[in-house]
Amino acid sequence: MKIRYGGWLKKLLGCDEEEFVLPETVTTVGALLDWLPGRSERHEKALEHSGVFIVSVNWRYARRPDPVADKDEVLLMPPMAGG
């Protein structure tokens, strides 16, 4: 799976994207969001409020129950603020 990070997630994680093989237990967006923080301390900190992120799977808006697989590309976009 390829995960692309948007907004301030890039800075906190120190990368724009990552690729990895999903564990068999990660089959939904929700399971992915629950699993990712366990990858490292920086993931844990960056993703602690993942419930407010906009998620797309293969360029389509996705919600927690939607499926994910190793062949997918996921974008995680945190909320933005500005003036």
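Here, each number is a calculation from the coordinates, and none is a lab measurement. Note that this is a predicted model, so its numbers are computed, not measured. Cβ: placed from backbone, ideal geometry, glycine included. Neighbour counts: every protein chain shown.
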Handout entry: 18 Å Cα cut-off, lysine pairs counted over the chain (separation 8 or more, or different chains)
Key = 5
Exercise for the section: Once you have the Cα-Cα distance between Glu48 and Lys2, take 0.36 nm times their residue separation minus that, and quote the gain in nm to one decimal. Expected result: 14.6 nm
Problem - Paired Rg and Dmax values of region 2-77, which use every Cα atom, in angstrom - result: 11.1, 29
Completion exercise
Highest mean packing first, using Cβ neighbours within 10 angstrom, the peptides 2-12, 37-47, 59-69 sort as 2-12, 37-47, 59-69
Problem - Derived scalar couplings ³J(HN,Hα) [region 25-41; Karplus, 6.51 cos²θ - 1.76 cosθ + 1.60; whole Hz; x for Gly, Pro] - result: 7, 9, 10, 10, 4, x, 5, 5, 5, 6, 7, 4, x, x, 5, 6, 5
Fill in the blank from the handout: Full extension between Lys11 and Asp34 adds, at 0.36 nm per residue less the Cα distance, a length in nm of 6.2 nm
Fill in the blank from the handout: Restricting to Cα pairs under 8 Å and 6 or more apart, the percent relative contact order of the chain works out to 40
Practice task
Quickly estimate the mean residue ellipticity at 222 nm for the chain, helices only: each DSSP H run with n ≥ 4 gives -39500 (n - 2.57), and the total goes over all residues, rounded to 500.
Solution key: -5000 deg cm²/dmol
